[in-house]
Amino acid sequence: MNLGQRITALRKRRGLTQEAMADALGVKRPRYNAWENNISNPDHKMLAKIAQFHHVTTDFLLGLPHPEGIHLLTEDMYADGYTDESFFDDLERQLEKELENKDEVNEELKEETKALARKYINFNPDKRELLRKLIDTMDKIEREERDEE
């Protein structure tokens, strides 16, 4: 699991949106989104702030092993910033499953789109323009919903 996947999993575990997380860290949502998507990385001060927010260490965020090979030091699984790696293995599997489902949904949508195109190819220009506007509106709503995550 990479840094972006870890901070995504930690944020989702707390039930926060990217917007809420960005506000808590004092950054703009697009910057935070770039970290989750591994487009860029937070600097060392921000990495420490993220770790502190989630009650984990920066080493844990970076996926570095505990120097003594200890995964769980206390009853409180986050007290020392480390936890049983099976927790993150489970989250990683969950994220991978979501990605697989997303690929399946995208494939279904491609087929449905092809079927719709064949069905409506004979639309007059006015109806095609209305259909294009509808699709643009739906696309905009989808982007906004995705940005809220």
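The values are calculated or read from the model by the stated rules, or taken from the named source; none is laboratory data. Quick caveat: nothing in here was measured; it's all calculated off a predicted structure. Positions of Cβ are generated from backbone atoms using ideal geometry, with glycine treated the same way; all protein chains shown enter the neighbour counts. The area values use the complete protein model at the heavy-atom level, side chains included, leaving out ligands, DNA and RNA. Shrake-Rupley method; radii C 1.70, N 1.55, O 1.52, S 1.80 Å.
Annotations
- Qualifying residue in segment 64-76 (condition: closer than 28 Å to Arg146 by Cβ and either touching a Phe, Trp or Tyr at 6+ places or on another chain (Cβ under 8 Å) or at pLDDT below 95 (or both)): no
- Check on Leu25, in contact with a helix residue (DSSP H, G or I) (Cβ under 7 Å, 6 or more places away or on another chain) and at pLDDT 95 or above: yes
- Qualifying residue in segment 113-134 (condition: modelled with pLDDT under 70 and either of a type in the set (Ser, Thr, Tyr) or at negative phi (or both)): no
- Residue under evaluation Phe88, criteria (1) open to solvent by 80 Å² or more (accessible area, probe 1.4 Å); (2) modelled with pLDDT under 75, criterion not met: (1)
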